[in-house]
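In what follows, a structure is listed as structure tokens, so that the remarks can point back to it.
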Amino acid sequence: MSKSAESHLRSLDDGRCVLIDGARVGNVADHPAFRNAARSVAALYDFQARPENREKMTIAAGNGARVSRTWHLPTSYDELVLRREALVAWAELHHGFMGRSPDHVGSTLAGMYMGLDVYEGHPGGRPGAVSDYFHYARDRDLYLSYVIIDPQGDRSRATSAEGNADLAVAIVDEDAGGITVRGSKMLGTGAVLSNEVLVTTLRPLREDEGRYAFTAAVPMNLAGMKLLSRRSYEGAATSGFDYPLSSRFDENDALLYFDEVKIPWDRLFVHRDPKAQLAQWHETPAHAYQNYQAEIRLLVKLRFMVGLARKIAETIGTIHFPQVRETLGELAGHVGMIEAFVYGMEAKGRHRGPYFLPDAGLIYAAQVQSQLLYPKIIHFLRELSGGGMLMLPSSVADFDHPEIAPLIRRTQYSPSLSAQERVKLFKLAWDAVGSEFASRHAQYEMFYSGPRTVTTGMAYRTFDWAAATGAVDRMLASYPTPDIAAPEPAPPDLASPDAPTLSPQTL
């Protein structure tokens with residue numbers, strides 16, 4: 001394997017411009033805002049490089065090397081399942097809390113490669129660049145992130161409208177060496193930790209907005225690229241004990257600004273073609289394939305959250321309460337639904353040329369449910385824990401204080417855990433449910449696949465309406481429709497002066 005934990009950490013020290021807390025970061029892997037998350041990503045590469053995981057996590061690339069199953073292009077149902085099992089193993093290392101781990105945009109690029117014919121069908125499509133870059137990224141096991149959304153600006157107006165026009169990244173010049181772009185993109189989740197970023201647009205663009213209609217794969221250290229990081233929850237975490245999730249799995253989000261950035265032609269997948277820009281998402285497997293990965297990752301996360309719910313009930317002695325078991329059973333049912341969706345996507349999969357793909361209709365149906373589900377699970381966890389997540393020692397330092405420690409032992413009683421273990425569990429629960437990190441995850445799970453109108457629109461577009469309405473039509477055809485009898489004589493016009501007078505008895 002060309003990628004190891006150590007080589008990934010070294011790759012982040014490439015001169016990229018990351019801005020946070022009023023300063024420019026030197027080496028991302030050493031900075032307090034990012035170093036633990038960087039090592040959590042590196043742990044993924046360490047896991048797949050272990051000899052005992054070689055078959056599960058890697059495949060032969062055909063050039064004598066083995067590469068991550070992130071880049072696997074399944075040609076059968078069995079191969080798709082093997083890829084899913086590898087993705088589950090990676091997600092279990094971060095319990096589903098790293099939504100933009102390397103397998104997400106890796107899946108996007110794999111989907112684009114499987115749809116090279118779509119690029120071939122558009123004047124601005126550049127299938128050769130897609131193919132070459134896929135192999136380049138695969139053979140180096142690059143960690144890719146992406147920025148596919150414009151800054152919000154005025155959402156009621158077009159991308160090129162006054163006020164919005166200078167927000168979104170656009171082509172401002174081009175020559176024999178490539179294109180030059182200027183503007184900004186969001187939401188660069190994981191970008192600070194990644195090797196390269198896919199710069200593109202998911203929203204439909206008008207025919208006259210060609211300067212925004214490009215897709216390119218860009219190294220993070222290109223001259224003129226600036227990453228404006230949001231607040232680091234890792235940097236704000238006081239200890240790993242008090243914030244066990246925040247301190248390790250904060251993949252960060254960043255707004256990327258492109259200040260006259262020159263992108264070579266061989267990095268360009270789409271060039272000034274709004275139709276190709278949109279088609280690469282929905283006519284290739286890219287959008288569905290990346291969201292298949294997202295549902296696999298969410299399944300791992302939901303199992304963790306439901307496991308946390310049961311541990312809380314055991315810890316405070318409510319596990320045998322009928323109403324608590326009812327809640328836990330409902331939670332188990334929700335997780336089972338997402339699991340069934342994932343397995344159903346595979347079982348209902350189909351071939352696209354030589355490649356075997358999960359069913360897009362079930363992927364988007366799962367996303368509609370997922371957006372509603374995550375806030376509901378957070379609510380159930382809050383109900384089950386009550387004040388237990390609030391009445392906790394202020395920090396791990398309290399355990400070392402001779403006056404405070406004995407009081408912790410007396411007041412943090414549990415029928416199943418020691419005082420220290422009880423505090424540890426509830427600190428974890430708070431970081432999953434109530435901390436700033438947790439709030440970000442609630443927002444992320446509700447919107448990472450787009451606003452609800454987008455996910456419901458995709459579910460509408462991919463549903464088999466012909467089968468559903470055909471069943472109605474067959475039922476209607478199975479029994480007679482009554483004939484309409486000959487028309488009866490028209491009733492008299494009561495407004496006419498010749499109309500008969502009606503008595504109250506007649507009325």
>> Which of the numbered conditions does Glu79 fail, given that it passes all the others? Conditions: (1) within 19 Å of Tyr113 (Cα to Cα); (2) outside any loop (DSSP other than H, G, I, E, B); (3) modelled with pLDDT under 95.
In response: (3)
>> Could you go through region 471-479 and let me know if any residue there is assigned to a loop (DSSP other than H, G, I, E, B) and either modelled with pLDDT of 70 or more or surrounded by fewer than 10 Cβ atoms within 10 Å (Cβ to Cβ) (or both).
In response: yes
>> So the check is Cβ under 9 Å with 6+ separation or different chains; which pairs have a first residue in region 341-361 that's of a type in the set (Lys, Arg) and a second one that's in a strand (DSSP E or B)?
In response: Arg350/Phe356; Arg350/Leu357
> Is there any pair with a first residue in region 208-224 that is farther than 21 Å from Tyr143 by Cα and touching a residue at least 60 places away in the same chain (Cβ under 8 Å) and a second that is assigned to a helix (DSSP H, G or I) and among the hydrophobic types (A, V, I, L, M, F, W, C) whose Cβ atoms are under 9 Å apart and which are 6 or more apart or on different chains, and what are they?
Replying inline: Ala213/Ala276; Ala213/Leu278
> For region 383-465, which fully contained helices (runs of 4 or more DSSP H) count at least 1 residues that are among the aromatic types (Phe, Trp, Tyr) and out of contact with any Leu (no Cβ under 6 Å at 6 or more places or on another chain)?
Replying inline: 419-433, 436-447, 452-462
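Within region 85-94, is even one residue among the β-branched types (Val, Ile, Thr), surrounded by fewer than 19 Cβ atoms within 10 Å (Cβ to Cβ) and over 22 Å from His441 (Cβ atoms)?
No, there is no match, as no residue in region 85-94 is among the β-branched types (Val, Ile, Thr), surrounded by fewer than 19 Cβ atoms within 10 Å (Cβ to Cβ) and over 22 Å from His441 (Cβ atoms).
Kindly evaluate Asp266 against the criterion of being among the charged types (D, E, K, R), surrounded by fewer than 22 Cβ atoms within 10 Å (Cβ to Cβ) and part of a helix (DSSP H, G or I).
Numbers: among the charged types (D, E, K, R): yes; surrounded by fewer than 22 Cβ atoms within 10 Å (Cβ to Cβ): yes; part of a helix (DSSP H, G or I): yes.
Yes, satisfied.
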> Quick one: would you say Arg157 is of a type outside the set (Phe, Trp, Tyr), exposed (fewer than 14 other Cβ atoms within 10 Å of the Cβ) and either at pLDDT 90 or above or more than 30 Å from Ser7 (Cα to Cα) (or both)?
Replying inline: yes
> Which condition number in (1) touching a residue at least 40 places away in the same chain (Cβ under 8 Å); (2) in a helix (DSSP H, G or I); (3) touching a Leu at 6+ places or on another chain (Cβ under 8 Å) is the one that Phe97 fails?
Replying inline: (2)
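The values are calculated or read from the model by the stated rules, or taken from the named source; none is laboratory data. No experiment lies behind these values; they were computed from the predicted model shown. Positions of Cβ are backbone-derived with ideal geometry, glycine not excepted, and every protein chain shown enters the neighbour counts.
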